[in-house]
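A.B. asks: The structure follows.
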Amino acid sequence: MIENQKIRPAKVIGPLGEPLTLETLPPADTTRWVVRRKAEVVAAVNGGLLTVDEVCDRYSLTVEEFAGWQRAIDRSGMPGLRVTRIQHYKSLYERQQKY
């Protein structure tokens, strides 16, 4: 999204194909980040509903943490966001980069 762009979409398409709006995003006080919630937040940023800075402020995330979510989705899709499988997907990605 362009930094100074004022016009934002009213809704974007979420990771499961459902429409996402500011009201349907995870609550600001979310502490338990399941795969679906992470993917919804990434989809909101990718679709222009929120900026990275707004997401980090709203959910008390670091830019690095959010960037990690984006990388995981880009590399492995939603399964890459599973905390229990991070090492698996990391090694899989590294092997793919070698060949």
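The values are calculated or read from the model by the stated rules, or taken from the named source; none is laboratory data. What you see is a predicted model; the values in this text were computed from it and never measured. Heads up, the Cβs are rebuilt from the backbone with ideal geometry, glycines too, and the neighbour counts pull from every protein chain shown. Only protein heavy atoms, including side chains, enter the accessible area calculation; ligands, DNA and RNA are left aside. Shrake-Rupley method; radii C 1.70, N 1.55, O 1.52, S 1.80 Å.
A.B. asks: I'd like to know which of Gly17, Leu50, Ala67 lies farthest towards the positive end of the charge dipole of the range 1-72, counting +1 on Cβ of Lys and Arg and -1 on Cβ of Asp and Glu.
C.D. replies: About the Cα centre, the residue reaching furthest to the positive side is Gly17.
A.B. asks: First compute the accessible area of the range 25-66 with a 1.4 Å probe, then give the percent of it belonging to carbon and sulfur atoms.
C.D. replies: 48
A.B. asks: Beta carbons within 10 angstrom, averaged per residue: use that to sort the peptides 33-40, 61-68, highest first. Intermediate values should be presented prior to the final figure.
C.D. replies: Details: 33-40: 18.2, 61-68: 13.2.
By packing density, highest mean first, the sequence is 33-40, 61-68.
A.B. asks: For the range 1-76, with every protein chain kept in place, what is the accessible area per residue (1.4 Å probe, Å²)?
C.D. replies: 62
A.B. asks: With the Cα gyration tensor of the range 1-57 giving a ≥ b ≥ c as the square roots of its eigenvalues, does the rule (a/c under 1.5 for rounded; else a/b larger than b/c for prolate; else oblate) give rounded, prolate or oblate?
C.D. replies: Oblate, since a/c reaches 1.5 and b/c is not below a/b.
A.B. asks: Taking H as built 1.01 Å from N, whose amide H comes closer than 5 Å to the amide H of Leu20, not counting residues under 5 places away?
C.D. replies: So Leu20 has HN proximity to Val12, Ile13, Gly14.
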